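All remarks here apply to the structure that follows.
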Amino acid sequence: MNKKIIVLIIAVVIIVAGCVGIWFTNSNNNSNINTTENENSNQNVEENNDENTNDKKIAIIYFSATGTTKKIAEYIKNTTDGDLIEIIPKEKYTDNDLNYGNDNSRANQEQNDSKARPEISNNINTDNYDIVYLGYPIWWGDVPKIILTFLDNHSLDDKTIIPFCTSGGSSITNSLSTLKNYNKNINWIDGKRFSSTATQDEVTNWVNSINY
């Protein structure tokens, strides 16, 4: 075979091999770029989801006659960084008012009166909140009537309300039934009862478990 032809063939092979190498390199680069773009896109979606969650404004609104429910409310605030708001009765409850053994005590009379609505002294604005943790002690197995006063005085329709309560032994079940039937336009989330010895970790675990 003529040497010139052999040299020409070798040159063609080298050129073809070079072109293939360049194409392969560009293909890998484009693949890496697309992968990076997809990863960035997924990350942006996750960040947007986090932002949407973080945009939800949270309030922890509670009534506490003895301070037990207040402590749980403060634990929830520590976990959610929501706004802590107390329901303050116009007439403070005394020890005698809370004497369950006295049928004539104020608390007994209120709980036995379906129309009782104790007045609230402070103004509470719920307009800017999407999620409300609503706290109260259990009185006679149910919500204190001042919680119904709060529901009467505030427009909470379509908001998400998460009840929590404190008691020595009674469950939250009856109070949840009362609340859900009292206003059926609220998005009620099943809540939780806490004892007086509940810890920050216990409350934090509960808040994280309901994912709000």
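Can you pull out the residues in region 60-84 that are assigned to a loop (DSSP other than H, G, I, E, B) and either in contact with a strand residue (DSSP E or B) (Cβ under 9 Å, 6 or more places away or on another chain) or closer than 12 Å to Phe164 by Cβ (or both)? Steps first, answer last, please.
Going residue by residue through region 60-84, those that are assigned to a loop (DSSP other than H, G, I, E, B) are 63-67, 81-82.
Across region 60-84, the qualifying residues are Phe63, Ser64, Ala65, Thr66, Asp81, Gly82.
Are any residues in region 66-102 among the aromatic types (Phe, Trp, Tyr) and under 20 Å from Thr204 (Cβ atoms), and if so, which ones?
Going residue by residue through region 66-102, those that are among the aromatic types (Phe, Trp, Tyr) are 75, 93, 100.
Across region 66-102, the qualifying residue is only Tyr75.
One residue is enough: does region 122-130 have a residue meeting the conditions modelled with pLDDT of 95 or more and not in a loop (DSSP other than H, G, I, E, B)?
no
The values are calculated or read from the model by the stated rules, or taken from the named source; none is laboratory data. Worth saying up front: this structure is predicted, and the values here are computed from it rather than measured. Please note: Cβ atoms are built from the backbone with ideal geometry, for glycine as well, and neighbour counts cover all protein chains shown.
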